[in-house]
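Derivation of every value follows stated rules applied to the coordinates shown; laboratory data play no part. What you see is a predicted model, and the numbers here were worked out from it, not measured in a lab. A quick note on method: Cβ atoms are made from the backbone with ideal geometry, for glycine too, and the neighbour counts reach across all protein chains shown.
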Amino acid sequence: MTRRSASLGQAAAIVSAGVLLSRLLGVVREQVIGALLGRTVETDLYVNAFTLPDYLYFLLAGGYLAITLVPILTDHHASGDDAELNRSFTAVFRFVGVIALLLLAAGLIFARPLVEVVFNQLDDGLIDRLVPLTRVAIGLQTFFLLGALFTAAQYAERRFTIPAMGPLFYNGGIIAGGLLAALVAEPTPMWFLVGGLIGAAIGSFALQWWGAHRLGVRLVRGVPRSHPATARYLKLALPLMVGQTVVAFDEQWPRLFGQLAESGTTAGLNFARRLNMLPVGVIAQAAGVASFPFMARLFSERRTDEMRDTVTVSLRTAVAVGALATGLIVPTRDTIVRVIYQWGEFSSADTEVVSSFLLYFSLSIPFWVMHQITTRAFYAQRRMWLPVAIGTVSTAVIVPILFALTHRFEGDGIAMGSTIGVALYAIAITSAWLREGPRHEAIGFIWFLGKVAIAALLAGLIAVLTLLAFDGLLPDAAAGLVAALLGGVGYLGLARLFAIDEARDVVARLARQFGRR
């Protein structure tokens, strides 16, 4: 197997670019859905179709396959034993594949009674329509789950380009399905789902198999069922399977609680959350995904001090950028929603609703950043139970809060509850990480958070004043862009004043990248 791999900076750049392209295409996907279906019960059905499949995916720790498999494969990389790496990969793939197919088959068979239990507030007619949509989404998750194993094999080699391409095919498939429906028939949720199924089969499974295969990762014969990699995988994955973390459920809150509010609430929350997850993906997930293989390798090589330094640098850099994102989104949210979504069936009244949801969602961005990195730091040390325990407790705390907020504020309350839940988890898991380090590290990080919060608040104020100054003089898109640019420039100036070196380092790194190109 080749050993040529990316540095941490290169990895972060590759993952950030891939996530950015994927999230931008995801915004286009939501634009198409909003224009063709609107903020209606049709979009509610489309969003709700993913609820049960996503939960099955979560039960199999599908979203954490890279986290559970990378440490196993990384140990073999460190020892240079490629043959044993393939045997370990085969053992885990076989185990996960069999269990996945059994669970997903059960989901297909029992889709209707499960849908009736989860969506007990919907009438029979909507249940009848939701069941076949759910079955298609279950098939889609099969490709995600098995493809994630091949993605993990590439992460273990610190290769990120092909994994970053997978979501592009998935989002492209959904868009193509909707546009094809608009050309030849009446757009319905099923068209979008079938397009996504084809995109997932190509990008999330076939492409990732090829990416792993070209690195020398193979499914080999003669691997005993008692291979130790299976037990190691279970030891790492079991906490993630049984723990009900608030982060894993965050995407489910709009679906589960949206049925308690007026029609279209689930769709509106989904539109707002997708916008919010654009900076979250680029900043938080990219930083976490890129840094995890490096943290796992450093831990395997017992270079714990270097690992802790890697976590600190990644955390401070991502928080500095995440706070800026919140500071700019809050004042420009109306413009963002209007420019992106207000087309076709998506009305100005829908813009007002989605903008309100986005206000509350955007406050969660810095907290997403914090937990994405600190949680992975624990996972890199093979310590799964602590993050899961903290996440499960956070879930137990936030559920009654969500019920109360939904009853009082409907959709706004669900968005508030989502942000509160992510914040609780992020603060708790980051505190747990900092407690294990030197005292000056924790004090320094708290002081750093205070400086970043002030800088982001002032940057947002600059954006607000810019919007007021250009009100009526520029089109919405131009005014929003100018406000964001001036707010960003103001933030960088404040970063220099407050000695927030991480923000300036990001800009310098980007300048060098563009300069080389």
message: Using the Cα centre of the chain as the reference point, and only Cβ charges (+1 on K/R, -1 on D/E), how large is the resulting charge dipole? Debye, rounded to the nearest 20.
response: 2060 debye
Distance from segment 160-228 to segment 462-479 (C-alpha centre basis), Å: 41 Å
field: Net charge, M190 excluded, C-beta distance under 12 Å - Lys, Arg +1, Asp, Glu -1
entry: 0
field: Mean residue ellipticity (222 nm) of the chain, computed from DSSP H runs ≥ 4 via -39,500 (n - 2.57), nearest 500
entry: -27500 deg cm²/dmol
message: Could you work out the relative contact order of the chain? I mean the mean sequence separation of Cα pairs under 8 Å and 6+ apart, divided by the number of residues, in percent.
response: 20 percent
Residue-span extension gain [K235 to V220] - 0.36 nm each, minus C-alpha spacing: 3.1 nm
statement: Cα pairs beyond 21 Å in segment 1-242, in percent, come to 60 percent
- request: Of the options S79, F448, F110, report the single residue whose Cα projects farthest towards the positive end of the charge dipole of the chain (beta-carbon charges: Lys, Arg +1; Asp, Glu -1).
  value: S79
message: Given axes a ≥ b ≥ c from the Cα gyration tensor, I'd like to know whether segment 265-457 is rounded (a/c under 1.5), prolate (a/b larger than b/c) or oblate.
response: prolate
statement: Residues I454, I373, I175 in order from fewest to most other beta-carbon atoms within 10 Å are I454, I175, I373
